[in-house]
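The next block holds one structure in the form of structure tokens; read it before the comments.
The values are calculated or read from the model by the stated rules, or taken from the named source; none is laboratory data. As the structure is a prediction and not an experimental result, all values here were calculated from the model. With ideal geometry, Cβ positions are generated from the backbone for all residues, glycine too; neighbour counts draw on all protein chains shown.
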Amino acid sequence: MSTLKITSPLVSASWLAEHLSEPELVVLDATWFLPDSGRDAQKEWQEKRIPNARFFDFDKRIAHPAASFPHMLPEPEHFAREVELLGISSQSKIVVYDSQGIFSAPRVWWMFRVMGHSQVAVLDGGLPAWEVASQPIESGSPTTFSSGEFRAEYQPHWVIDGDGLLEKLNSPDIQVLDARAAARFYGTQPEPRKGVRSGHMPSAKSLPFGQLLKDGHFLPPEQLKKRFDAVSDIDQRLIFSCGSGVTACILALAAELSGRERITVYDGSWTEWGATNKYPVVL
């Protein structure tokens, strides 16, 4: 029986290489590109991936089918059904990566945490780090696998919607941190999506996700702690927002690595907030 246990939300390429053959380990490719990139993440996964990695499509397939905004979190039953088709069970130990280093993989880490699954980690440095370490690459038709049995146990403290955030926006107990580029936060650069206002939420602070990374890897925990201590109090609940709920999860993972415990992601993020006139916006 496997005794594999994930003890950190971040693992190295060497750790993954050492444990890649463990029967309970599932590797997920969570690569996602911005809509105007012209790139096809699933096609690139078919061409180059970590051996036995399964493609996790949080943009279309494992997303709320009726949501008005991009890749919104699905209902627990939908999530469980889809991850079972990927061969994931409640006993699975999951490592998520993306092809850009650290970009979209933390979104899937966060989704599993929302659904009550703690045995999940992100590969630090992603596919580039795996290749730099001269580890094997697979291409062609993926390996087949049996369906799993996954029980989703929804954890509401990990996620918040727009109305819930509006109610708490002026509370000293919370701090909203925005992962978008500073130019978008301050409204000097227009939003890429039509109909979305420029600016930021009242009382929010800017923390562009790139400030938490170096060369596609997370900064050391002590440096991450300094970043968060500079923009929030240690006992505040941190609520993370970005453009559409992807890079906010980079901040969420960084906060956990830094030792923060009260972590929440605003799923709709600026795509929802900026497009909804009842939500206040400042420059």
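Across segment 77-100, what is the number of residues that are out of contact with any Gly (no Cβ under 6 Å at 6 or more places or on another chain) and either in the same structural domain as Ser244 (by TED's automatic domain parsing) or closer than 17 Å to Trp32 by Cα (or both)?
Of the residues in segment 77-100, 4 are out of contact with any Gly (no Cβ under 6 Å at 6 or more places or on another chain) and either in the same structural domain as Ser244 (by TED's automatic domain parsing) or closer than 17 Å to Trp32 by Cα (or both).
If Arg193 satisfies all but one of (1) of a type outside the set (Ser, Thr, Tyr); (2) modelled with pLDDT under 95; (3) within 19 Å of Val96 (Cβ to Cβ), what's the number of the condition it fails?
(3)
Scan segment 1-48 for residues that are closer than 17 Å to Ser141 by Cα, acidic (Asp, Glu) and under 22 Å from the mean Cα position of the chain (by Cα) and jot them down.
Asp29, Asp40, Glu44
Name the residue, out of Pro74, Pro70, Pro65, Pro106, that is farther than 30 Å from Leu219 by Cβ, surrounded by 14 or more Cβ atoms within 10 Å (Cβ to Cβ) and not assigned by TED's automatic domain parsing to the domain that holds Leu213.
The match here is Pro74.
Looking only at segment 93-147, which residues are over 15 Å from Phe56 (Cα atoms), of a type outside the set (S, T, N, Q) and modelled with pLDDT under 95?
Result: Gly140, single match.
Select, from Ala129, Ala179, the only residue that is touching a His at 6+ places or on another chain (Cβ under 8 Å) and surrounded by 16 or more Cβ atoms within 10 Å (Cβ to Cβ).
None of the others qualify; the one that does is Ala129.
Name the single residue that is farthest from Phe112 (Cα to Cα) among those in segment 27-72 being modelled with pLDDT of 95 or more and touching a Gly at 6+ places or on another chain (Cβ under 8 Å).
If we take residues in segment 27-72 being modelled with pLDDT of 95 or more and touching a Gly at 6+ places or on another chain (Cβ under 8 Å), then Gln46 is farthest from Phe112 (Cα to Cα).
Looking only at segment 181-201, which residues are out of contact with any Asp or Glu (no Cβ under 8 Å at 6 or more places or on another chain) and outside any loop (DSSP other than H, G, I, E, B)?
Ala182, Ala183, listed by residue number.
In segment 16-54, which residues are of a type in the set (Phe, Trp, Tyr) and surrounded by 18 or more Cβ atoms within 10 Å (Cβ to Cβ)?
Within segment 16-54, Trp32, Trp45 meet the criteria.
Identify the residue in segment 132-156 that is touching a Pro at 6+ places or on another chain (Cβ under 7 Å) and within 23 Å of Ile239 (Cα to Cα) and, among all such residues, is surrounded by the most Cβ atoms within 10 Å (Cβ to Cβ).
Residue satisfying both the conditions and the ranking: Ala152.
Given segment 202-283, what helices (runs of 4 or more DSSP H) lie entirely inside it while holding 2 or more residues that are under 17 Å from the mean Cα position of the chain (by Cα)?
It comes to 248-258, 269-273.
Ser244 - would you say it is within 18 Å of Asp161 (Cβ to Cβ), assigned by TED's automatic domain parsing to the domain that holds Gln211, at pLDDT 95 or above and crowded, with 20+ Cβ neighbours inside 10 Å?
It is true that Ser244 is within 18 Å of Asp161 (Cβ to Cβ), assigned by TED's automatic domain parsing to the domain that holds Gln211, at pLDDT 95 or above and crowded, with 20+ Cβ neighbours inside 10 Å.
Return the residues of segment 122-175 that are of a type in the set (Val, Ile, Thr) and farther than 26 Å from Asp215 by Cα; say none if nothing qualifies.
Hits for segment 122-175 are Thr143, Thr144, Val159, Ile160, Ile174.
Output the residues belonging to segment 224-252 that are without any contact (Cβ under 8 Å) to a residue 40 or more places away in the chain and among the small types (Gly, Ala, Ser).
Matches in segment 224-252: Ala230 only.
Do you know which residues across segment 83-108 are of a type in the set (Phe, Trp, Tyr) and in contact with a helix residue (DSSP H, G or I) (Cβ under 6 Å, 6 or more places away or on another chain)?
Selection gives Tyr97 alone.
Write out, first by first residue and then by second, each pair whose Cβ atoms fall under 8 Å of each other, whose residues are 6+ apart or on separate chains, and whose first residue, in segment 200-211, is surrounded by fewer than 16 Cβ atoms within 10 Å (Cβ to Cβ) while the second is of a type in the set (Ser, Thr, Tyr).
Lys205/Ser232
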